[in-house]
């Protein structure tokens, strides 16, 4: 099962996420823990005119958490935090099979995770952090 979940694209995204750093003076910082598995994310946002202009983060978690965080960082500039909450809801709907398209570039990489519901929380970690902050 690990081979199915941790495909090359997910591993590459996870590696990219490890190159990201926290923002020195963020406008908003969110810390979120998944008490079931011990994953943690610290998310930093710079916001200009109500929209995200930069993201920094540190993830202590599996490659799925890291990959999801990297896709968030790659796509979130220009969004409001509330809009990211909607994106997270769509990703959750995609993972449980309620919708066919996650509606955000790159999230189709998590197709194999659909079959492993306990790992959905790993993919949703950064979005659950945002949901908590809102």
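Each value in this text was obtained by applying a stated rule to the coordinates, not by laboratory testing. Only a predicted model underlies this, so the values are computations on that prediction, with no experimental measurement involved. Methodologically, a virtual Cβ is constructed for each residue, glycine included, from the backbone with ideal geometry; neighbour enumeration extends over all protein chains shown.
Test of understanding: in a Gaussian network model of the chain with alpha carbons linked when under 10 Å, which of 49, 98, 27 would top the mean-square fluctuation ranking?
Comparing 49, 98, 27 in the GNM, the peak value goes to 49.
Helix-only mean residue ellipticity at 222 nm, the chain, DSSP H runs n ≥ 4 weighted -39,500 (n - 2.57), per residue, nearest 500. What is it? Before the final figure, lay out each step's value.
On the way: 5 runs with 57 residues, N = 134.
Using -39500 (n - 2.57) per qualifying helix, the result is -13000 deg cm²/dmol.
Roughly what angle does helix 81-96 make with the longest principal axis of the chain, taking Cα atoms, 0 to 90 degrees, to the nearest 10?
Helix 81-96 sits roughly 0 degrees off the main axis of the chain.
For the range 91-134, list log₁₀ I(q)/I(0) at each q in 0.16, 0.27 Å⁻¹, using the Debye formula over Cα point scatterers of equal strength and ignoring solvent, two decimals each.
-0.39, -1.01
Pick the calculated semi-axes √(5λ) of the Cα gyration tensor in Å for this structure from (i) 23, 16, 13; (ii) 26, 17, 17; (iii) 56, 14, 11?
(i)
So what is the relative contact order of the chain, in percent, for Cα pairs below 8 Å that sit 6 or more residues apart?
About 26 percent, as a whole number.
I want to verify a result. In a Gaussian network model of the chain, Cα cutoff 10 Å, which of these has the top mean-square fluctuation: 39, 100, 24?
24
If I fit a long axis through the Cα atoms of helix 120-133 and take the longest principal axis of the Cα atoms of the chain, what angle between them do I get, 0 to 90°, rounded to 10?
Once rounded, one gets 20 degrees.
GNM, the chain, Cα, under 10 Å: largest mean-square fluctuation among 59, 96, 116?
Answer for the Gaussian network model of the chain: 116.
Taking neighbour counts of Cβ atoms within 10 Å as a proxy for exposure, in what order, fewest first, do 92, 46, 69 appear? Show your work: numbers first, answer last.
On the way: 92 19, 46 16, 69 27.
So the residues, fewest neighbours to most, are 46, 92, 69.
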